[in-house]
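Heads up: the structure comes next, in structure tokens.
The values are calculated or read from the model by the stated rules, or taken from the named source; none is laboratory data. All values derive from a computational prediction rather than experimental measurement. Cβ placement follows ideal geometry from the backbone for every residue including glycine, while neighbour counts extend to all protein chains displayed. Side chains included, ligands, DNA and RNA excluded: accessible areas come from the protein's heavy atoms. Shrake-Rupley method; radii C 1.70, N 1.55, O 1.52, S 1.80 Å.
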Amino acid sequence: MGALPERRDIPPWVKVPEDLKNPEVLQVQTRLLEALFGPRGSRIPYIEQVSKAMLQLNALESSDFTEVLVYGSHLFKLRTKWMLQSMAEWHRQRQERGMLKLEEAMNALELSPWMK
């Protein structure tokens, strides 16, 4: 990564410029962003404070995924990336289970063949 992030409010626990080089990168399904980061990213400052890392979200050309860049010391970057991947997987599975329950309910309510 050549350019440093353009963010002006770099948290005090992030050392400039060494922690801003070589971020950990993960891609998150865009539909999971609100579950992970709250409405309009409202939980990002809290996640940054607890994880001692800095996050930057970039929309990808594919609207299905958003790139999350994690800046900080090596250990904090890895820990934060793992935490976010775990949270995303948990939310994805939860939504999937909800869709299966919805499908089961719709099948239970299926109209008899003569009414189709």
Could you grab me the full set of residues in the range 27-79 that are hydroxyl-bearing (Ser, Thr, Tyr) and surrounded by 19 or more Cβ atoms within 10 Å (Cβ to Cβ)? 51, 66, 71
Given the condition modelled with pLDDT of 90 or more, touching a Ser or Thr at 6+ places or on another chain (Cβ under 9 Å) and open to solvent by less than 50 Å² (accessible area, probe 1.4 Å), answer yes or no: does some residue in the range 8-18 qualify? yes
